[in-house]
Each structure stands twice: as structure tokens, then as C-alpha cells.
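These notes concern the structure reproduced below.
The values are calculated or read from the model by the stated rules, or taken from the named source; none is laboratory data. Please read these numbers as outputs of a predicted model, since none were measured by experiment. All Cβ positions, even for glycine, are placed from backbone atoms using ideal geometry, and neighbour counts span all protein chains on display. Areas reflect the complete protein model, heavy atoms only, side chains present, ligands, DNA and RNA absent. Shrake-Rupley method; radii C 1.70, N 1.55, O 1.52, S 1.80 Å.
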Amino acid sequence: MPTAFVTGITGQTGSYLADILLARGYRVVGLVRGGDETRQALEERTPGLELLEGDLGDGERLADLVARVAPDAVFNLGGLSSVAASWERPLDTALITAVPPAVLLDAALGVQRREDRRVSFVQASSAEIFGSPSESPQNEETPVRPVNPYGAAKAYGHHLVASYRSMGLAASSCILYNHESPRRPETFVTRKITRTVARISLGLETELVLGSLDARRDWGWAPDYAAAMQLVAEAEPDDYVIATGEAHSVEDFVAAAFAAAGVVDWRGYVKQDAAFVRPKEATEFVGDSSRLRARTGWAPTRAFEQIVAAMVENDLAIESTS
Ligand code: GDP
């Protein structure tokens, strides 16, 4: 039975990845912080997981845990995951998002050498490494030019993965585009929209206050992206864009959410507030995942409207019972 070591397992994509790895016969060891209140929910939702306490910021313990677990695959999904938060907490972004890949890659290479067997490493990289890309769609050759602390931290991990790959580690970077689900926290615009739209449709709220409605993102279904990461662990080590190839604006998302909730005349509910507008950001992200599709047969399973509808339905269920 292969063993996977997963950081960020309590997060949206990590929790889906745990389900997928267990279903594929992996022993799954996840890293959780002491006092992480999402731990219990994860244990209830996903029996069979082994959880170890540790902090991504504690490099010594992290390296020790990987050496002891001696995994066949390391998946690094941990870290501060929001662009907005990275402007407020640049130091944490560096310490928790940028630095841990260095520790984990070194530890994974150590296991590979000691045990003389393939250890794969899969880094959750991000479209944010491209900054404000001049080409669309972006692919694995698009220049890495981040424009925010989150993107810069992810760029460091991304380059390190390539360095360790050149040292013989089966290390891959998944360049993930935005991926959403009912497990997305409300710090992300998608969940903020679906939660508020559900509340408006039930008469519990009267306003949806947003920043830029014009920003365009390539929004995928998080379980599809977790599945892609598992495929990448077994594929030829490389950089892989994980994206749908379709961009939609924040306004499109809002319209689809109101449609899913059955609210026809919705424009009056939407307000804009400069507080939610980002200092500097890409106006459009859209990814070309041809490499991943050709090498693994991966394809997204849900269309944009289906993703939005699934999130709205989940929030309607929560809001009508609370
Ligand atoms: P990100 O792409 O990883 O930063 O994911 P987000 O879901 O946080 O943001 C997606 C896009 O929505 C960005 O272009 C934001 O500027 C835009 N946006 C517009 N209004 C809001 C808002 O109220 N909250 C958030 N989080 N993003 C917003």
C-alpha cells in the first residue's frame, strides 16, 4: 500500500484529495496544526485518515515527520491560500507558503535516497505565479512574474520544485487555477456570492457587496483538481497547468448564482465597495491544460453553471435549516 503525506489536508482541496487517495488504496497521513478546529470535521467526514500534529512553520519537525513516515508521495497543499490575506500578512505568507516546499523537497529527496525508491512530490502551485500575464491562455511556458505576496511565495516553491526535479526527485508543480466547491471558505468571492445570494433569496439579506465585477477567472471544480493532483503524482514529473480553459467574470458568477437561486431581477441587490478592490491584480486568468490532458486523460467533470449551482444549493440547504 503506497503512503501519501499531505499538508493542507483540512483545506478545501486537501480534504477532497484525502478522499481520492484513500479510494485509490493509499495510506494517507495528513499534517494538522494543534488546535485546528477543522480536524474533527475532517476525521468525521473521512474515516481512515492518519493525522499528525505539526506546523508548516516548524521546519525541523516537518523534516522529521517526512523522514519517519517515509512516504511514496508528498502533496504540499498547505499555506496561506488567499491573495487578499497575503497583502495583510506578507511575513506569514513567506514563512508558511514559500518556505515549507524547501523543507519538504529536501526531506522527500532524503527518503528517496535512503530507501532507493521513487518518491513523488506534488506542489500546489498557482496561476498567481504568472502575475498579470500578457498571453492568454497561459501554459507551462508562460513567464513567472508574480504581482502579489501570495504569487511571489508560490513562485519560490515553483522554482524549487524544478531544482529538485533536476536532482532526480519525481517533483511536479500543479499550476492550479481557481477551484471552488461547497467547502470553499467565504474569504473567496465565489462562496461569498453563493452564501449571500442564498440568503437574499430567502429574504435574510438585502445586499451583495463586492469589489471588481470585471475580474475574470478560470473557475474549476475543486474535486476535479484534487483528482488531477493524484494523477500528476503518478505521471512524468513536470509542471502541469490545471484549468478548465474557460474564463468568466465575477459578474457572470453573480448572474449564475442568482439564476440558480431563482432570483430574476437581481441587479439592485449588488453594491460595489472599494474596500474589496485589490491593489494590483490580473484582470484575466485562463489556463491551457493540454499537457495534463494529453498525458493523464484528465478532464473537468463539471461546467461553470453546474459548479455555481452546486454551491448555491449547498448554501440554500444550510441557510434554510439554520
Ligand atoms: P483569487 O483569485 O485567488 O484571489 O480568489 P478570490 O475568490 O478571492 O478572488 C477572485 C476575484 O474576485 C478577484 O479578481 C477579486 O478581486 C474579485 N473580487 C471582487 N469582489 C470580491 C470580494 O468581495 N471578495 C473577494 N475575495 N474577491 C472579490
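Data overview
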item	result
Residue-count net charge about Leu202 - beta-carbon cut-off 10 Å; Lys, Arg +1, Asp, Glu -1	-2
Compactness relative to 2.2 N^0.38 Å, alpha carbon Rg of the stretch 34-138	1.24
Contour minus Cα-Cα distance for Arg33 and Ala275 (0.36 nm per residue)	84.0 nm
Cβ-Cβ FRET estimate between Arg45 and Thr187, R0 fixed at 22 Å, reported to 0.05	0.60
Spin-label model distance (nm) - Asp106 vs Leu213, 7 Å beyond Cα toward Cβ	5.0
Carbon and sulfur %, accessible surface of the chain computed with the full protein complex present, 1.4 Å	49
Accessible area (Å², per residue) of the chain, counting only protein heavy atoms and a probe of 1.4 Å	42
Estimated 222 nm signal from helices in the chain, with DSSP H stretches of n ≥ 4 weighted -39500 (n - 2.57), rounded to 500	-13000 deg cm²/dmol
Contour excess over end-to-end distance, with Cα ends at Asp58 and Arg291 and 0.36 nm allotted per residue	80.4 nm
Fraction of beta bridges assigned by DSSP in the chain that are antiparallel (%, nearest 5)	5
Directionally averaged projected area (convex hull, Cα atoms, the chain), nm²	15.8
